[in-house]
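Working notes, beginning with the structure itself.
The values are calculated or read from the model by the stated rules, or taken from the named source; none is laboratory data. It should be emphasised that the depicted structure is a prediction, and the values quoted were computed from it without experimental measurement. Using ideal geometry, Cβ is built from the backbone for each residue, glycine included, and neighbour counts are taken over all protein chains shown. Side chains are part of the model used for accessible areas, which takes the heavy atoms of the whole protein and leaves out ligands, DNA and RNA. Shrake-Rupley method; radii C 1.70, N 1.55, O 1.52, S 1.80 Å.
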Amino acid sequence: MTASLLSDLRLAWQLTRGAGRREWWRTGLTATGAALATGFALAAGALASLRGGHHSDSLAGGLLGEPGTRAGVILALLLLLVPVLGFLGQCARIGAVHRDRRLAGLRLAGATPGQVRRIAALETGLACLLGSAVATAVTVPVLVGAWERPPALTWVVLALIALAVPVLGAAAGALALRRVVASPLGWVRRVGPARPGRGPGRLFLAALLLVAGVALLAAVTASGTPRGPSLWRTPMTVFGALLAVGAGSVWLSGAACRLVGRTLAVRARSAATLIAAERLRDDPWAAARTHAAVLLVTVAGTGFVSVRHIVTEALREDRHRLAESVSYYTTGLDLTGAAIAVGLLITLSALAVGTAESLAVRRSGLAAQVAAGVPRAVLVRALLLETALPLAPALLVAGVGGLAIGAGYSSLTASGALPWSALLVPLTVYAACLLASATALPLLRRTVRPSELRHT
Amino acid sequence: MNHGDNTAGGLLTGRRLVKAHGRTEALRGATVTLDAGEILAVTGPSGSGKSTLAHCLSGITRPDAGSVTYAGRRLEELPEKRLSELRRTEFGVVFQFGQLIPELTAADNVALPLMLAGAGRAEARATAGEWLERFGVRGQEDSRPGELSGGQAQRVALARALVTGPRVVFADEPTGALDSLAGEQVMTALVHTVRETGTAVLLITHDAQVAAYADREVRLCDGVAAPQGAAA
Amino acid sequence: MSMSTRHILLGLLASGPSHGYDLKRRHDARFPQARPLAYGQVYTTLQRLVRDGLAEVEGTDSDGGPERTVYRATDEGVRELSRWAGEIAPPAPFVTNEIFAKVVVSILSDGDPAGYLRAQRAAHMDRMRELTAVKTAGGADLATVLSADFALNHLDADLRWMTTTAARLTTLTAEVDTA
């Protein structure tokens, strides 16, 4: 068993090494994603392992000291895993066609399905292990520096998380290949890009559910149940809402892509709109994962800006009546804001990676269009419209959703003021998304070359 | 043997073209002339530089040395933008496969060059329908390339290449992915149409039976045009 | 003697009684691009068919013009026809190829085999262009297209053989010279 695992490992290494730049990109980006995931999970796990009040009040304005607020921080950290998962999902698509064909070739060369699955799992698992190791190596010293003597439970939790990330990564890698393993011939002969079905979308949803479940559990245990159900009713409600929004956003972004594609494909007047619309209609789920993360960030961002506005107003009025210092509250707000910004950043990276990959997969087709005299400007516009068209209605809904959270909070606190400034968030996110997609455009010039027209 | 001097006139002329891909020289001083309305076959073994020659002549790539003249204009003096415009107005291209946008319907694929030239969608689609009929693929307007047979897809590609009324069509192994019957239908459709429209064709092929549709043949060997005909 | 002229005529007769001139006309229409049949050859072949009991004289037909003998196939003839039609043609029993012979002779006599192959290739291409023009001409019927295709495929096979031979002339020259 160990011998065969070793030979599989050697084969996986040889294949990765011989496979070229895009494989390295995938490995590097997957490792980065895994590092982020490990980092967030480690921080959340470490906090969750604490019991009762803690002495390190100096850290984060004392937010980590109180069980109640600590639960909020854990929640935020775990929610940050959502955009990270979206990012990892995008990374898995880099060079996917090429890799699938390569592994199918292995099957044809006589490898057993189990062997191919192991090799694929090893490839992804090793990248995740790398990321996890780096994240752990950074987190542990920080942790030891912050708390002089972390309890044993904390160490156990940390070790479990550091191991779980590569194991889960390997499992996902093996799972993603089930069709290649099933039909090697079909996948070797395949000429066009593999059509991602709704499977990855389902996988994303399952992962989302898992994260939400764990987060809920962590929040509940960390906030300390003895103090009655009223305390965790609020996080429960927030969670239910977020979960619904998360699941809904995947569906919404897919549906928006399909609707926009169908509607515009019939009415398109310009070549760029026509190409973009038909691509959306053809495969509305391709970008659903990333777009879903964009929507979540937008909902959270819009909601946050509304709530922040209301809270700061309230703080200014009640300054003298508060038990804690104002900074206790503002630090919490700032941390939440930072978390949302990080989430947005990760999501935008996923968007850029996705655009770049979609360009890379289609490069010979695009080269043929350029050869036929289709101006690059038209192709560039089509590419941007592919992102811009479906995001517009989806972001509108997300913005309204976020504003509804703000309005709800506003009616709860009876301040009544609705902060319209929050509406800037969806607009900013929209602009940022277009910019992120645009970062991939220089690739169009680089990859669309006459050499892509060779048909051998 | 020097063929460099008897190339005066002609619609499209490449003189002493040199082009290297990395360290391999695909073209080593090839000279080729295409007259208006003629079908010229460029043949030769694989790796002889046929495709590279077509890419240089159509302005898809710029040669390392030598010149390309089209209707009195030197292509190497034109900026990329003008070359692109030239390719979509004066030239048409057909490859072995892959020139159709997979997500667009057959009619939209053919209408695309017209829309790029500023025609309205309805008008462009109507013209596209006429061209699809001409190539015997009427009734497939709303099929996507993946739903067409190889021969049908190539006939749609021909319609797309000819819809703007180009003066030159570059056909690079247009039947390379087809069985002989479908290939024959594609070549017959191409020849009949260009004879009617007076379009010149540069036909790249390794297949003598396809080359036989041409009026004339240039044989490339190691990046230069091989001497033709009489033994001595 | 063409190995199949008698069977082809017998086949034409099998579709209905016919006189000699009509048979020649139908043959030339049915097998375009083939060497046209001489009337004398039709006449002698018909006589041999009658002699062998495969065909018989049905009567005469004047139809306003000169009087012509009308022939028809016998039952024996129909049986012979179906035997022949189902019989497999021997695949290339003897390899006699003028082009190959010329290449070898050219090497033996210190000639220019490469130049000969180039010229022969050009001649083959000319003929292929002619045949392609015939089959793509408007109104060409399927029989014309198929017979042109038959010749085109054979010429193409020659061409491919010439291309590979031209690429291996050095080795061939060494082999022929030492032998």
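Has the stretch A:413-420 got at least one residue that is in a helix (DSSP H, G or I) and of a type in the set (A, V, I, L, M)?
Taking every residue of the stretch A:413-420 in turn, none turns out to be in a helix (DSSP H, G or I) and of a type in the set (A, V, I, L, M).
Do you know which residues across the stretch A:246-269 are within 14 Å of chain B (Cβ to nearest Cβ), open to solvent by 30 Å² or more (accessible area, probe 1.4 Å) and touching a residue at least 24 places away in the same chain (Cβ under 8 Å)?
Listed by number, the residues that qualify are A:ARG258, A:LEU264.
Can you go through A:VAL140, A:VAL157, A:VAL165, A:VAL116 and tell me which one is surrounded by 17 or more Cβ atoms within 10 Å (Cβ to Cβ), over 23 Å from A:GLU23 (Cβ atoms) and either aliphatic (A, V, I, L, M) or out of contact with any Gly (no Cβ under 8 Å at 6 or more places or on another chain) (or both)?
Criteria check complete, one pass: A:VAL157.
Does A:GLU452 satisfy the condition of being surrounded by 23 or more Cβ atoms within 10 Å (Cβ to Cβ), within 12 Å of chain B (Cβ to nearest Cβ), assigned to a helix (DSSP H, G or I) and not small (Gly, Ala, Ser)?
Here the answer is no, as A:GLU452 does not meet what is asked.
Only residues that are more than 9 Å from chain A (Cβ to nearest Cβ) and of a type in the set (Gly, Ala, Ser): list them for the stretch B:35-53, please. Quick ask: steps written out before the conclusion?
First pass over the stretch B:35-53, keeping only residues more than 9 Å from chain A (Cβ to nearest Cβ): B:35-45, B:47-50, B:53.
Listed by number, the residues that qualify are B:ALA36, B:GLY37, B:ALA41, B:GLY44, B:GLY47, B:SER48, B:GLY49.
So that you can scan it fast, the table gives a plain yes or no per residue for (1) assigned to a helix (DSSP H, G or I); (2) at pLDDT 90 or above; (3) of a type in the set (S, T, N, Q):
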residue	(1), (2), (3)
C:ILE99	yes, no, no
C:GLY111	no, no, no
C:ALA122	yes, yes, no
C:ARG129	yes, yes, no
C:LEU155	yes, yes, no
C:ARG160	yes, yes, no
C:THR165	yes, yes, yes
C:THR170	yes, no, yes
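Considering only residues that are open to solvent by less than 30 Å² (accessible area, probe 1.4 Å) and under 23 Å from B:PRO166 (Cα atoms), which ones fall in the stretch B:13-30?
B:THR13, B:GLY14
Of the residues B:ALA157, B:ALA200, which single one is within 22 Å of C:LYS135 (Cα to Cα), surrounded by 14 or more Cβ atoms within 10 Å (Cβ to Cβ) and modelled with pLDDT of 90 or more? Steps first, answer last, please.
Working: B:ALA157 fails: within 22 Å of C:LYS135 (Cα to Cα).
From the options B:ALA157, B:ALA200, the qualifying one is B:ALA200.
Could you count how many residues in the stretch C:1-42 are over 17 Å from the mean Cα position of the chain (by Cα) and of a type in the set (Ser, Thr, Tyr)?
Number of matching residues: 4.
Check the stretch B:82-89 and report whether any residue there is over 22 Å from B:THR199 (Cβ atoms) and either more than 13 Å from chain A (Cβ to nearest Cβ) or in contact with a Ser or Thr (Cβ under 9 Å, 6 or more places away or on another chain) (or both).
no
Please state which of the following conditions A:ILE340 fails to meet, knowing it meets all the rest: (1) more than 30 Å from B:GLY146 (Cα to Cα); (2) modelled with pLDDT under 85; (3) aliphatic (A, V, I, L, M).
Against the list (1) more than 30 Å from B:GLY146 (Cα to Cα); (2) modelled with pLDDT under 85; (3) aliphatic (A, V, I, L, M), A:ILE340 comes up short only on (2).
Out of A:VAL378, A:VAL361, which single residue is open to solvent by 20 Å² or more (accessible area, probe 1.4 Å) and within 14 Å of chain B (Cβ to nearest Cβ)?
A:VAL361
For the stretch B:118-232, which fully contained strands (runs of 3 or more DSSP E) count at least 3 residues that are of a type in the set (D, E, K, R) and touching a residue at least 24 places away in the same chain (Cβ under 8 Å)?
Numbers: elements: B:168-172, B:200-204, B:216-221.
It comes to B:216-221.
Kindly check whether there is at least one residue in the stretch A:88-106 that is in a helix (DSSP H, G or I) and at pLDDT 85 or above. Reasoning before the result, please.
Filtering the stretch A:88-106 down to residues in a helix (DSSP H, G or I) leaves A:88-93, A:96-106.
Then drop every residue that is not at pLDDT 85 or above, which leaves none.
Within the stretch A:88-106, not a single residue is in a helix (DSSP H, G or I) and at pLDDT 85 or above.
I'd like to verify a number: residues in the stretch B:55-68 that are more than 9 Å from every other protein chain (Cβ to nearest Cβ), on the phi < 0 side of the Ramachandran plot and crowded, with 18+ Cβ neighbours inside 10 Å, how many?
4
Residue by residue through the stretch C:130-144, note down the ones that are surrounded by 18 or more Cβ atoms within 10 Å (Cβ to Cβ) and not hydroxyl-bearing (Ser, Thr, Tyr).
Of everything in the stretch C:130-144, those that are surrounded by 18 or more Cβ atoms within 10 Å (Cβ to Cβ) and not hydroxyl-bearing (Ser, Thr, Tyr) turn out to be C:LEU131, C:LYS135.
With the structure loaded, tell me whether B:ASP172 is within 14 Å of chain C (Cβ to nearest Cβ) and at pLDDT below 95 or whether it fails that test.
Spelling it out, it is not the case that B:ASP172 is within 14 Å of chain C (Cβ to nearest Cβ) and at pLDDT below 95.
Being open to solvent by less than 10 Å² (accessible area, probe 1.4 Å), under 17 Å from A:LEU78 (Cα atoms) and not acidic (Asp, Glu): is that true of A:GLY343 here? First the steps, then the outcome.
Working: open to solvent by less than 10 Å² (accessible area, probe 1.4 Å): yes; under 17 Å from A:LEU78 (Cα atoms): yes; not acidic (Asp, Glu): yes.
So A:GLY343 fits the description; yes.
Looking only at the stretch B:185-211, which residues are farther than 23 Å from C:ALA123 by Cβ, within 12 Å of another protein chain (Cβ to nearest Cβ) and not aliphatic (A, V, I, L, M)?
Hits for the stretch B:185-211 are B:GLN185, B:THR188, B:HIS192, B:THR193, B:ARG195, B:GLU196.
Here is a check on your reading of the model: is A:ALA350 in contact (Cβ under 8 Å) with a residue 40 or more places away in the chain and touching a Pro at 6+ places or on another chain (Cβ under 9 Å)? Outline the logic, then answer.
Details: in contact (Cβ under 8 Å) with a residue 40 or more places away in the chain: yes; touching a Pro at 6+ places or on another chain (Cβ under 9 Å): yes.
Here the answer is yes, as A:ALA350 does meet what is asked.
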